[in-house]
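Student: Pasting a structure here, questions to come.
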Amino acid sequence: MKHINDTIFALSTKKSKSAIAIFRFSGNKSHSVIKSISSKKIFKHKVSTLNDILEGKKRIDQTLTTFFKSPNSYTGEDMVEISCHGSVSVINKITEIILKKNIRLAEHGEFTKRALINDKLTLLEAESINDLINAETENQRKIAIGNLSGDLDKFIDNITKKTKKLLADVEAIIDFADEDLPNSLHKNIKEQYKNICDLINKAIKKSNISKKIYEGYRITIIGKPNTGKSSFINYINNKEVSIVTNIPGTTTDLVTSSLDINGDKYTFVDTAGIRKYRNIIEKIGIERTIESAQKSDLNLVFLENNEKSNYEKLNNNIFVKSKYDKKKQKFRGVYNISSVSGYGVEALLKAISKKLKKNHVKGPYFSRERHVENLKMSLSSLKLVNFKEIDIAAENIRNSLIYLNGINEKFDIENILDIIFSDFCIGK
């Protein structure tokens, strides 16, 4: 990472034709530099001011410019935000003028990283901001905004306090081993210990739910050629994703598309199906179909007649009979649909959601691998506790605390934080 005291800037919106574009600046030179290229010279804190950006005496654009004074800003430093017209030429020209002022471009997530270092955010809140920006579905948004509101911080604070209390009680037994201690102390310690283990274990289990909410559910569509697989994909996407013809076996590779259904992400995989192959290309396509079906959370099996027994080796199947608009034939235990009229499609999508989504979104959810790994290590340390060996028990509880603290601790700035912020947007 470049020097943390540098003054930085970035375009915080996309570089494309739009109504407005927003530049952000942070650092001790941000106010003086912007004043040097502005028609206005006096700006009130947190008040947007109509202001021309100048190159010498030439007006480049009319903007709304807002000054923020340290420490009352997003980063905790002096900041400026400029809302200009969203023309690519305007964006390029302002960028050119700023670079001549020896202010450097921000790195990924550097504004939020500075907010973290300056104690404007906790590490968990900073990560939640990125999750919120990247949220594609309603339930992803709910988790991210809940975590940003402090759900995760409250959980970690609560579990840390309980673990510290447990450690204090255990050390009291060690320190006052020769004295009479209340008989209830040992019983209370065991109850505290069990409660902490249960809370961490529940958080780990909930993280598996959040992982699915963020990654999405994978649904593979299989069946014989010309059973309506690709037509179904095109219908639910409201556009042509897969090629549809009367020629059997048109789809020879995996075609994926993602949809938001009831607030969750579902990735549908159209496949070559499972059939006898005629050439090496079809053989590879069928092998990939089988591999995708084995990895999927659910398989939609499109039937030609009622050949369910052909798919007994596959798990998590929902059977579908398409083309109901042509032949109104129904089989038991099969969803009958038409990708022309839409008949039965909504019922099928509801069945998919019901089969896969068994839990409601309610925070806190630890969504990142780093969080979950620390929770697992903390629980593993606690599981080593044996109250008959009280000294070793205290050491294991201390180790558990270290892992809990690591979830929200600003340690190893250069290495750990650079990894965490590497997938942030420039300008955030």
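The values are calculated or read from the model by the stated rules, or taken from the named source; none is laboratory data. Nothing here was measured: the structure is a model prediction, and the numbers come from that model. Cβ placement follows ideal geometry from the backbone for every residue including glycine, while neighbour counts extend to all protein chains displayed.
Student: Can you tell me which residue among Ile37, Ile53, Ile42 is out of contact with any strand residue (DSSP E or B) (no Cβ under 7 Å at 6 or more places or on another chain) and of a type in the set (A, V, I, L, M)?
Tutor: Being out of contact with any strand residue (DSSP E or B) (no Cβ under 7 Å at 6 or more places or on another chain) and of a type in the set (A, V, I, L, M) holds for just one of Ile37, Ile53, Ile42, which is Ile42.
Student: Let me ask you something else. Just give me the residues in region 318-336 being surrounded by 17 or more Cβ atoms within 10 Å (Cβ to Cβ) and of a type outside the set (A, V, I, L, M, F, W, C), in sequence order.
Tutor: Once the filter is applied, which keeps residues that are surrounded by 17 or more Cβ atoms within 10 Å (Cβ to Cβ) and of a type outside the set (A, V, I, L, M, F, W, C), region 318-336 yields Lys321, Ser322, Lys323, Tyr324, Tyr335, Asn336.
Student: Further, regarding this structure: Find the residue count for region 299-316, including only residues that are crowded, with 18+ Cβ neighbours inside 10 Å and touching a helix residue (DSSP H, G or I) at 6+ places or on another chain (Cβ under 8 Å). Steps first, please.
Tutor: Of region 299-316, the ones crowded, with 18+ Cβ neighbours inside 10 Å are 299-303.
Those left that are additionally touching a helix residue (DSSP H, G or I) at 6+ places or on another chain (Cβ under 8 Å): 299-302.
Residues flagged as crowded, with 18+ Cβ neighbours inside 10 Å and touching a helix residue (DSSP H, G or I) at 6+ places or on another chain (Cβ under 8 Å) within region 299-316 amount to 4.
Student: Kindly provide the set of residues from region 24-44 that are more than 18 Å from Ser70 (Cα to Cα) and not in a loop (DSSP other than H, G, I, E, B), ordered by number.
Tutor: Within region 24-44, Ser36, Ser38 qualify.
Student: Can you tell me which residues in region 348-360 are over 13 Å from Lys211 (Cβ atoms) and modelled with pLDDT under 85? If you could, list the steps in order and put the result at the bottom.
Tutor: Initial filter on region 348-360 (over 13 Å from Lys211 (Cβ atoms)): 348-358, 360.
If the condition is that a residue be over 13 Å from Lys211 (Cβ atoms) and modelled with pLDDT under 85, then Lys357, Lys358, His360 are the ones that fit.
Student: Also, I was wondering about something else. Kindly evaluate Tyr365 against the criterion of being farther than 28 Å from Gln192 by Cα and aromatic (Phe, Trp, Tyr).
Tutor: Details: farther than 28 Å from Gln192 by Cα: no; aromatic (Phe, Trp, Tyr): yes.
Spelling it out, it is not the case that Tyr365 is farther than 28 Å from Gln192 by Cα and aromatic (Phe, Trp, Tyr).
Student: Which residues, counting only those in region 326-346, are farther than 19 Å from Asn306 by Cα and in contact with a strand residue (DSSP E or B) (Cβ under 8 Å, 6 or more places away or on another chain)?
Tutor: Tyr343
Student: Out of Val340, Val385, report the one residue that is in a loop (DSSP other than H, G, I, E, B) and crowded, with 19+ Cβ neighbours inside 10 Å.
Tutor: Just one listed residue meets the conditions, Val385.
Student: Report every pair of residues separated by at least 6 positions or lying on different chains whose Cβ atoms are under 7 Å apart, first residue within region 370-392 and free of Cβ contacts under 8 Å to residues at least 60 places away in the same chain, second surrounded by 15 or more Cβ atoms within 10 Å (Cβ to Cβ) and outside any helix (DSSP H, G or I).
Tutor: Asn374/Ile407
Student: Among (1) under 32 Å from the mean Cα position of the chain (by Cα); (2) modelled with pLDDT under 80; (3) small (Gly, Ala, Ser); (4) at positive phi, where does Gly216 come up short?
Tutor: (2) is the only condition that Gly216 fails.
Student: So, one more: Yes or no: region 78-88 includes at least one residue that is charged (D, E, K, R), touching a His at 6+ places or on another chain (Cβ under 7 Å) and modelled with pLDDT of 95 or more.
Tutor: Checked against the condition, which is being charged (D, E, K, R), touching a His at 6+ places or on another chain (Cβ under 7 Å) and modelled with pLDDT of 95 or more, region 78-88 yields at least one hit.
Student: Related question: Just one of the numbered conditions (1) under 28 Å from Asn139 (Cβ atoms); (2) touching a helix residue (DSSP H, G or I) at 6+ places or on another chain (Cβ under 8 Å); (3) hydrophobic (A, V, I, L, M, F, W, C) is not true of Ile352; which one?
Tutor: (2)
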